Structures are given as C-alpha cells and as structure tokens.
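The block underneath contains the structure these notes are about, expressed in structure tokens.
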Amino acid sequence: QAQLVESGGGLAQAGGSLRLSCAASINIFRFNYMAWYRQAPGKQRELVARIIIDGSTNYADSVKGRFTISRDNAKDTVYLEMSSLKPEDTAVYYCNAVRVDMDVWGRGTLVTVSS
C-alpha cells in the first residue's frame, strides 16, 4: 500500500503564503490523479485542487487565482502553493492519490491563518 506524507503546514498571517508538500512512497505516475482536500472545524472535507496524470489541473472556486497545485515527478511529490491566504483557509489539509484499485490519504497538515 502506498503512503502519502504531508508537510509545510503552520501559522500564517492573512495575505501571506505557505507551501504544502505531499511526498508519495511510490511513483506518482502510478496514480490517475492526486489532490489536496481540506477540512475546517465543524465542516465537511472539501476538494481544494487536483492534478491529473496528463498534467491538467482544477481548483475549487474559493482558491482559484490564489492556490497552485504542481508536481515534481523526480521527487514523487505534489505541492500546493498558497498565497493571499485568508482566515477562512484555516483547515487541516490532506493529500489524496487515486487510481482504479487504490485510494490513499495522508494524515493531514494543519494550516492556520490569522487575521
């Protein structure tokens, strides 16, 4: 079973930036897509951004123009660059990787944005 390990979370001020990393234990091209989700206190987990095997990306409307998902194939790592952070971005961010026979989740990394 593949494993995903997130890092890069922490405390940021509103308007600031953070970069999250998700390191996979196997070649990320073995997944159909990889994604970042987030779950704020008392809310359901929601999709933030996704990168497909062909390199195409999609984003939640709430983060378009502020967040960028990318990958480093050589490092088997996916990133989430977050800028112009808002207090409402505060959440635990989870990395997810999917293929037909596998749906893997990381343990999450906490992002807190202060106003």
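The table below gives the values:
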| item | result |
| --- | --- |
| Boolean, Y79 is modelled with pLDDT of 95 or more, within 10 Å of the chain's Cα centre (by Cα) and within 13 Å of V113 (Cβ to Cβ) | no |
| Of residues in the range 76-115 being out of contact with any helix residue (DSSP H, G or I) (no Cβ under 9 Å at 6 or more places or on another chain) and among the basic types (K, R), the one nearest to S25 (Cα to Cα) | R107 |
| Members of the range 1-14 that are exposed (fewer than 15 other Cβ atoms within 10 Å of the Cβ), of a type outside the set (S, T, N, Q) and assigned to a strand (DSSP E or B) | V5, G10, L11 |
| Test: residue in the range 71-79 that is in contact with a Cys (Cβ under 8 Å, 6 or more places away or on another chain), open to solvent by 60 Å² or more (accessible area, probe 1.4 Å), assigned to a strand (DSSP E or B) and under 23 Å from Q3 (Cα atoms) | no |
| Members of the range 86-110 found to be touching a residue at least 24 places away in the same chain (Cβ under 8 Å), open to solvent by 40 Å² or more (accessible area, probe 1.4 Å), over 12 Å from R45 (Cβ atoms) and assigned to a strand (DSSP E or B), listed by number | R99, L110 |
| Hits in the range 74-115 - residues which are charged (D, E, K, R) and within 19 Å of M34 (Cα to Cα) | K75, D76, E81, R99, D101, D103, R107 |
| Pairs with Cβ under 7 Å, 6+ apart, first in the range 5-34 and over 18 Å from G108 (Cβ atoms) and touching a residue at least 12 places away in the same chain (Cβ under 8 Å), second of a type in the set (G, A, S) and in a loop (DSSP other than H, G, I, E, B) | A14/S115; G15/S84; S17/S83; I26/A2 |
| The range 59-74 residues that are among the small types (G, A, S), paired with ones that are at pLDDT 95 or above and open to solvent by 70 Å² or more (accessible area, probe 1.4 Å) (beta carbon under 8 Å, 6 or more apart) | A60/E46; S62/E88; S70/E81 |
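The values are calculated or read from the model by the stated rules, or taken from the named source; none is laboratory data. Worth saying up front: this structure is predicted, and the values here are computed from it rather than measured. Positions of Cβ are backbone-derived with ideal geometry, glycine not excepted, and every protein chain shown enters the neighbour counts. We work out accessible area using only protein heavy atoms, side chains counted, and drop any ligands, DNA or RNA first. Shrake-Rupley method; radii C 1.70, N 1.55, O 1.52, S 1.80 Å.
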